[in-house]
Structure formats: structure tokens, C-alpha cells
Amino acid sequence: MESDPKNKKRYSPPVLTELTPEQAKNLVVDRKNCNAEEAAEFLKSLRRKPNQEEQNKQSLNPPEDQKRKRSA
């Protein structure tokens, strides 16, 4: 039972589709079992840049050099 080369399907890589913001929110609501407001907040957190989060952490925590100043 060898397959005929003419009947073989060609490989096609998976396709990435873009969702509208409303479609993305509905997808999150369905998958995470949350309300629309929580889904919107979750999607907003995904769009944040990593550098922005690092800057927020640095502003809350002073650098190590400033923490350990020696008193004379």
C-alpha cells in the first residue's frame, strides 16, 4: 500500500492570523473564564514592553550602591 506521489499533499507551514482587539478579548474571555474587563487588562499587560517593567522596578528599589553607604 504505497501512496502515489501524485496524491501526496504538499507541506504548508502553519499560518499566523491577526485578531482584532475585540476577537482577542473574546478569545481570552472564553479560554480564561473571566469577564471582559479582566480580559482587556490581561491583553494590556501583554502589550507592555519589558523595559517599561524594569524601569518601574528600578524606581521602586534604589540601586545597591545607595543602600549600603558607610557612615564615618
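Measuring from label point to label point, each 7 Å out along Cα→Cβ, what is the E22 to R10 span in nm? With each label placed 7 Å out from Cα toward Cβ, I get 3.6 nm.
Checking every one of the GluC sites (Glu not before Pro) in the range 9-44 against DSSP loop status and a limit of 15 other Cβ atoms within 10 Å picks out E18.
Read the figures in this text as sums done on the coordinates, not as results from a lab. None of the values given here were measured: they were computed from a predicted structure. Cβ coordinates were reconstructed from backbone atoms using ideal geometry, including for glycine residues, and neighbour counts include every protein chain displayed.
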